[in-house]
Amino acid sequence: MGYVAEGFAYVFGTVLIGAGLYLVMRGTFPAWWRRRLMWPLVRVTPTVSHLQGWAAIGLGVSVLAIVFTTVAPEVVAGLLVVLALAAYVVGLALFVFSTWLSRRPA
């Protein structure tokens, strides 16, 4: 079961990084996304899309760093955990900030 969860986490982290890179490079969400998938966002501007992309990259890096701790030596694993926590906090802050930007009055 552990290897299945690790494999899923690798795929999930990689998909998050890929989606984040897409948002950072394009500056807009894909047209096929339904509005309910973007429920916290009200007005999606290029700035909001870029910040959401960076947040996804941060979360993806966090997931991958945690998964890599299973194969890394102890000292490196400790550093990866610190990196994962920092990436998670930065990604969360960017997500909250971009959501606030999309909801503030024009």
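Taken together, the values in this text are just the output of simple stated rules run on the coordinates, not laboratory data. Note that this is a predicted model, so its numbers are computed, not measured. Cβ coordinates were reconstructed from backbone atoms using ideal geometry, including for glycine residues, and neighbour counts include every protein chain displayed.
Computed quantities for the displayed model
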| item | result |
| --- | --- |
| Options Leu64, Leu85, Leu41, Leu92; residue that is more than 30 Å from Tyr3 (Cβ to Cβ) and either surrounded by 20 or more Cβ atoms within 10 Å (Cβ to Cβ) or in contact with a helix residue (DSSP H, G or I) (Cβ under 8 Å, 6 or more places away or on another chain) (or both) | Leu41 |
| Test: Gly27 is of a type outside the set (S, T, N, Q), surrounded by fewer than 16 Cβ atoms within 10 Å (Cβ to Cβ) and more than 17 Å from the chain's Cα centre (by Cα) | no |
